[in-house]
Each structure stands twice: as structure tokens, then as C-alpha cells.
Amino acid sequence: MESYYRYSVSTFILLCLCVFTIPVVFLNYDHFNPFMNFSNPTLESPGPKFELQRLIVSTSDQIRAVGTSGSTYDHQHLNRNTTRETKKLSKEQMLEQGLARARASIRSAAIARIVRMASFMNDNDVLVGDVYRNPSTFYQSYVEMERRFKVYVYTEGELPIVHDGPCKNIYTIEGRFIHEMEHGAKRFRTNDPQRAHVYFMPFSVAWMVKYIYTPLSFDITPLKHFVSDYVKVISTKYPFWNRTHGADHFMLACHDWVNFSFPGPHASQGNSLLYNNSIRVLCNANISEGFNPQKDVSLPEISLIGGYLSPKLIHPPPPNASRPYFAFFAGGLHGPIRPYLLQHWKGRDNDMQVYEYLPKNKDYYSYMLESKFCLCPSGYEVASPRIVEAIYSGCVPVILSDNYVLPFSDVLRWEAFSVQVETTKIPRLKEILSAIPEEKYRKLQEGVIVVRRHFMLNQPPKRFDVFHMILHSIWVRRINARPNSNRS
């Protein structure tokens, strides 16, 4: 049975026809491969940024945006026949029809951008500013997600490795997401797998490392076996994995070993279909280590020691507050980039407050709150909790990383609230940052304040916070794909 998801380029053609009459943001399209399919994904010249409107593609039963011609179904035709055809549709077909409606609505927002902007300005959750690639498209996609998106959480597996995860350490985001999907998320979770758009495998790689890995052995074969056995159980008991070869399934992990940070195979390669087809939500979003941004999701790394945000970061100082330090970093010599950073800047310049470890009379978060730029070099993996901590602090993040796909890049313009510096240019770091005009710096800092809400880990979750942003990233990848029509 051949069954997988396919991409189409119809939206690109559609938007190009309208480019002379309606302004639409087109950025970094060169890195998007519209012919990629989930059964045999390839990654050619990937880039760190992917626009939402580029991910919303047409299908063989497409519903074109309003005002275009040549559609197989348009809104009027679909609405006219919905009552008559609903009784003939299977649950799966009804799900796909709902996704087709969502795609049409989002494409309309991408094209009729000004109209959509006016339509949601009355909402309390206004999305405006340079930090968004296309705020109207993002907003419409988010609304469609709230309206339709359903996740089935597999009940198979036992505690603590399944249905649980860390909530009070550097891998907090892994445990908090699992807990929310297990015990909250009433709007999105369904107990009927026939109504689900995606299927969540709630195992914790961090807890696998804690409970079944032998310390210092560097052998993660037990982790691979666990993943392989889990997929075998759900694929034997249910039809959903085999139906799509796992393409509508997702896992989430923030531990270094989900990819190739240490000698040994990828933990997610315990099943080849999981590695190649499924949506992998990973902190280690490294394209040089198999991360595929066209199907995988970059997960922000959030460290909450003790399970709570530091009181100092709850209410950061206003934008006009004094920040006496120009740039700041403190951290261990993990990975290849940090030693290079410390080699050039540790103790060499008073403007560049770079430490391996802070003296006991110094406070880490106080430094971030009083610094203009917060340096965020990769450690063993590309992600760093400093990026989110900088955003919490109102400090402009300086990304020092290679091959890192930044979180939520399909909707956020990271260049509007951060500075990305090639690691080879670390010796010129002060020169590069000093060359940023004050006016531009103020805009970057304003952008940091705007995006802060999207990285907040709330309990319970709030609209547009990090939990919902993760779900939205998964939603985008699901509506960007469709089962083959000859599926049986």
C-alpha cells in the first residue's frame, strides 16, 4: 500500500499571479523544495527561515483563494454541495475536506493581506510589527488551528518513560509539553483517533537517558530499541501508522541525544519511518544532523530550574532602562563554538563581559537584564536556553551557531529581534555589534518585547504562547501535506 503525503507548487503559482496587485511578503523561497514528499524526504540547500504562506500548498482537491480562476472547488461550490456530500464522506475524507477549507482561508489571508489585517485588528491578540513574516496569514492559520486541529495521544506505554518528562531542568519544555497534552489541551486533544489530524507518541528521550542508558557507555542502543518497540506496538494495534507510514505522527524531544551530539546512532532512528517521515519536534534543529525543516519542527530550549521562571525575569525593565553592559555571556566550554568565543573575548575587553563561569558575587540574570546584547553560542547542540532567557530579559540575542533552524521561523522574522553572526566572524564580534545604529538597536529590542509572549511557558497555556506556537508549527506541517488519493 503506497501512502504518503505530497507537496504541490500551486500556491506559488497562485501568489505569483497576484504579485502585481497585492503586496505579499516573499523571502527565502530559494531554500524551500516544493516537490518534497514525506515518504522520501530530501533536503537541498536548506535555510533557517520558512514562511507560513510558502508552506500552505494546494492539493488535488484544492480550494483556490477568492478571486482566482481555474479551481477544482471554490468556496461557493464547496458550500453548495457540503450538505449533499457530507453523508457520503468517511471520517478521513471529512478531515481532509476541513483541512482544504483551512488552506483556502489561509491562502485568502496571504493574498488579501490588508483586508485580513483590518478584520483582526479588533481582536485582543493583535499581531502586528516587523517581527512577523505575514501577520494576517499567521493569525488566520492560528484561528483555523483553534477551530479544527485535533491531536490523538497514544495511551500505550508506562511511566516514567512514557506519559511523563522533566519539568524542572534544562529539558523543561519536553516534560511540560507532554504533561499539557496528557492532562490539558482540551481544545486540541481528542479521544477518538478517527477524528485526529496527527498522533502524538508521548515518550520522553530525556527520561530514556535517565532510566535505561548506562552512564558513560555512549551506547544508546537501548534507546533505539525502546523507540522501535513503541512504534511496533502502536502500528500493530492501530491502523494509523501504517496508513501514512508515520507521516501524520509526531514525537517531541529536547535531549541532546535525540540527534548526533555524542558517538552513536540517532535515537529517533530506532525506526526509519519515524526518522524519515514523521514530524520530529526537536531542540537540536541542526540541518547538518538530519533535521528537515520541511517536516520537522524546531523546539525552543527552555530551562526552568525548580520548575519556575526566575522572579527577576517575570517583569523585565522597560525599553528605555539603562543597560550598562554592551554584551554578555557566561557558560561552560561545551562544543566547538564556546571555546572559540572565550579564546577571543574572555577577559579581553570590558565592553564584552565574557566568562566561563561567573564569580560567586555575580548574578547571571542581573547581567542579562543589564546588557544590550546577550551572546548565545551553541553548546553540544545548536539550541541554547540563553536565547529564550535573553528574550525574557529584554536583551537582544546574538545567535552564534551553525546550521541551526531557529524556532517558529515559518512565522517569525528573527532578523527583526536578534542578531545572527557567523561563527567564523567571532573575532570581529564587537566590531559587528558596534556597527549597529542606535535606532536599529531600539527596533531590535522592541521586537524582543513583542515576541516574548511566543516563548512564555504558561500554566495553564495562553493564546499564542510557546505551547500553542509548538502546536501551530505541527499544524502547519500537517496542512501542508495530504494523503494520496488512491489510499486504501
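Run down the aspartates and glutamates and flag those whose C-alpha is under 15 Å from the C-alpha of residue 91, throwing out any fewer than 8 positions away in its chain. Cα-Cα hits under 15 Å: 192.
The residues neighbouring residue 384, those whose beta-carbon lies less than 10 Å from its own, together hold a net charge of -1 under the Lys/Arg +1, Asp/Glu -1 convention. Straight Cα distances below 19 angstrom link residue 186 to the lysines 150, 462, with same-chain residues fewer than 8 positions distant left out.
With a cut-off of 20 Å on the backbone N, the residues of the stretch 297-311 near the modelled label site 7 Å out from residue 210 along Cα-Cβ are 300-310.
Within the stretch 320-338, name every residue whose backbone N is under 12 Å away from a label modeled 7 Å from Cα of residue 358 along the Cβ vector. So the set is 328-331. Placing dummy labels 7 Å off each Cα toward the beta-carbon, the span from residue 366 to residue 186 is 4.4 nm.
Between residue 128 and residue 169, what FRET efficiency follows from the Cβ-Cβ distance if R0 is 30 Å, with the result rounded to 0.05? Can you show the working numbers first?
Numbers: r = 36 Å, r/R0 = 1.19.
Approximately 0.25, to the nearest 0.05.
Spin-label model, residue 91 to residue 312: label points 7 Å out along the Cα-to-beta-carbon direction sit 5.2 nm apart. Neighbours of residue 348, meaning other residues whose beta-carbon lies under 14 angstrom from its beta-carbon, give a summed charge of -1 when Lys and Arg score +1 and Asp and Glu score -1.
Spin-label pair residue 289-residue 344: with each label point 7 Å from Cα along the Cα-Cβ axis, the two points sit 2.3 nm from one another. Residue 412's amide H: which non-local residues (gap 5+, or another chain) put their own amide H closer than 5 Å, with H modeled 1.01 Å from N in plane and none for Pro or chain starts? Counting only residues 5 or more places away or on other chains, the set is 133.
Taking amide hydrogens as placed 1.01 Å from N in the peptide plane, the amide H of residue 153 sits under 5 Å from those of 190, 200, each at least 5 positions away in sequence or on another chain.
The peptide list 319-330, 391-402, put in order of mean Cβ contacts within 10 Å with the highest first, becomes 391-402, 319-330. Working note: Karplus 6.51/-1.76/1.60 with θ = phi - 60° gives the stretch 336-351 the couplings x, 7, 5, x, 5, 5, 5, 4, 8, 10, 5, x, 9, 8, 5, 6 Hz, where Gly and Pro are set to x. Residues in the stretch 459-473 carry Karplus couplings, in order, of 9, x, x, 10, 3, 6, 7, 5, 4, 6, 5, 5, 4, 5, 4 Hz; the curve used is 6.51 cos²θ - 1.76 cosθ + 1.60 with θ = phi - 60°, and Gly or Pro positions show x. Per-residue 3J(HN,Hα) values for the stretch 226-238, derived from phi via the Karplus relation 6.51 cos²θ - 1.76 cosθ + 1.60 with θ = phi - 60°, read 4, 4, 4, 5, 5, 5, 4, 5, 6, 6, 7, 7, 10 Hz in sequence order (x marks Gly and Pro).
Every number here is computed from the coordinates shown, using simple stated rules; none is lab data. If you're wondering where the values come from, they're calculated on a predicted model, not measured in any experiment. Quick reminder, even Gly has a Cβ in these numbers, built from the backbone with ideal geometry, and neighbours come from all protein chains shown.
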